[in-house]
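Below is one structure; the comments refer to it alone.
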Amino acid sequence: MSIPHKVNSSQAAPESVRRTRSLVGVRLRKHADYQRAYAAGRKRQSASMSWFLAPQSEPLPGSIRGPIQGPRVGLTAGKVLGKSHERNRIKRRMREILRRHVELLPTGFDLILHPRRSVLTVEFSKLEAEVVRILGQANAEAARVSQSAAPRLIV
């Protein structure tokens, strides 16, 4: 009887799969950050989710929280989406897509995604394409907002 040979992790996956990005430090975690983004942003709709985009605010003077570094993203999955195992599956699918495309998040902005129940059954590649399209729209909106907020030179 032979013992199966243990495969080295570097041999198990091609280079493109091994280089994984993480959402650590990119995710919204505090309720106040969600509330601020809801108040400052506008709700937009897509086929299987709604989303909010809001510019990040500067921390208050004397705050223990330092300056915000880079873009942030938040996910919500309320009880209306189903039982806990269904909500968890929705969040896992969304996090994986965001992890694959974290570089597309708009810098200096908070993005909140509200998936619908259809996210459970839609094909993963179609869901990924929709999220990438949303990220493109969010970047365009962020560029437009940043450009209009920049001071204009009078010549």
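Since every read-out is calculated from the coordinates, none of them should be taken as a lab result. For clarity, every value in this text was computed on a predicted model and none was experimentally measured. Here the Cβ positions follow ideal geometry from the backbone for every residue, glycine too, while neighbour counts run over all protein chains shown.
Here each label is just a point 7 Å from Cα along the line to Cβ, and for SER46 and SER118 those points are 1.2 nm apart.
In a DSSP loop and with at most 11 other Cβ atoms within 10 Å, the trypsin sites (Lys or Arg not before Pro) in the stretch 119-152 are ARG152. Can you give the FRET efficiency for TYR38 and ASN88, using 1/(1 + (r/R0)^6), R0 = 25 Å, r = Cβ-Cβ distance, to the nearest 0.05? With a Förster radius of 25 Å, E is 0.60. With a simple spin-label model that places each label point 7 Å from the Cα along the Cα-to-Cβ direction, the separation between ARG99 and ALA149 comes to 3.0 nm. Between the C-alpha center of the stretch 32-47 and that of the stretch 109-138 there is a gap of 15 Å.
Straight-line reach from LYS126: taking Cα to Cα under 21 Å and skipping same-chain neighbours fewer than 8 places apart, the lysines in range are LYS91. If amide hydrogens are placed 1.01 Å from N in the peptide plane, which non-local residues have theirs closer than 5 Å to the one on VAL73? HN-HN under 5 Å from VAL73: ARG27, LEU28, LEU111.
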